Amino acid sequence: MSDNVTYIGEKAFYNCKNIVKFNSNTEFELIIPESCETIKTYAFYNLNKIKNVIVSDSVSSMGWYVFDRMTSLEELTIPY
């Protein structure tokens, strides 16, 4: 994913069950880039192979059910 992405739209990766890594060199990991500020509803719904999600500190708005049905998810790191 480009380092210039500021927005991940609603259902952008909805039901993309075969994604095994996202913006990462590590298998089963999803990393939201530092440029991203908004993640909309259902953006990563049902990515059931992802085990680790790291949301960058730049994200200030997340919709409902962004990581819902990620059945393999073991660790979620979000800004506070």
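Some points to look at:
- Applying D = kT/(6 pi eta Rh) to the stretch 41-80, where Rh is the Kirkwood radius over alpha-carbon pairs, T corresponds to 10 °C and eta to 1.306 mPa s, the Stokes-Einstein value obtained is 152 µm²/s.
- Net charge of the neighbourhood of Cys36, taken over other residues with C-beta under 15 Å away and scored Lys/Arg +1, Asp/Glu -1, is -4.
- Per residue, the accessible area of the chain comes to 62 Å² when a 1.4 Å probe rolls over the protein heavy atoms.
- In the frame of its principal axes, the chain has Cα extents of 25, 25, 23 Å, reported largest first.
- With R₀ fixed at 22 Å, the C-beta to C-beta distance from Met1 to Thr71 puts the FRET efficiency at about 0.45.
The values are calculated or read from the model by the stated rules, or taken from the named source; none is laboratory data. Please read these numbers as outputs of a predicted model, since none were measured by experiment. For neighbour counting, all protein chains shown are included, and Cβ atoms are generated from backbone atoms with ideal geometry for every residue, glycine included. SASA here: full protein model, heavy atoms, side chains in, ligands and nucleic acids out. Shrake-Rupley method; radii C 1.70, N 1.55, O 1.52, S 1.80 Å.
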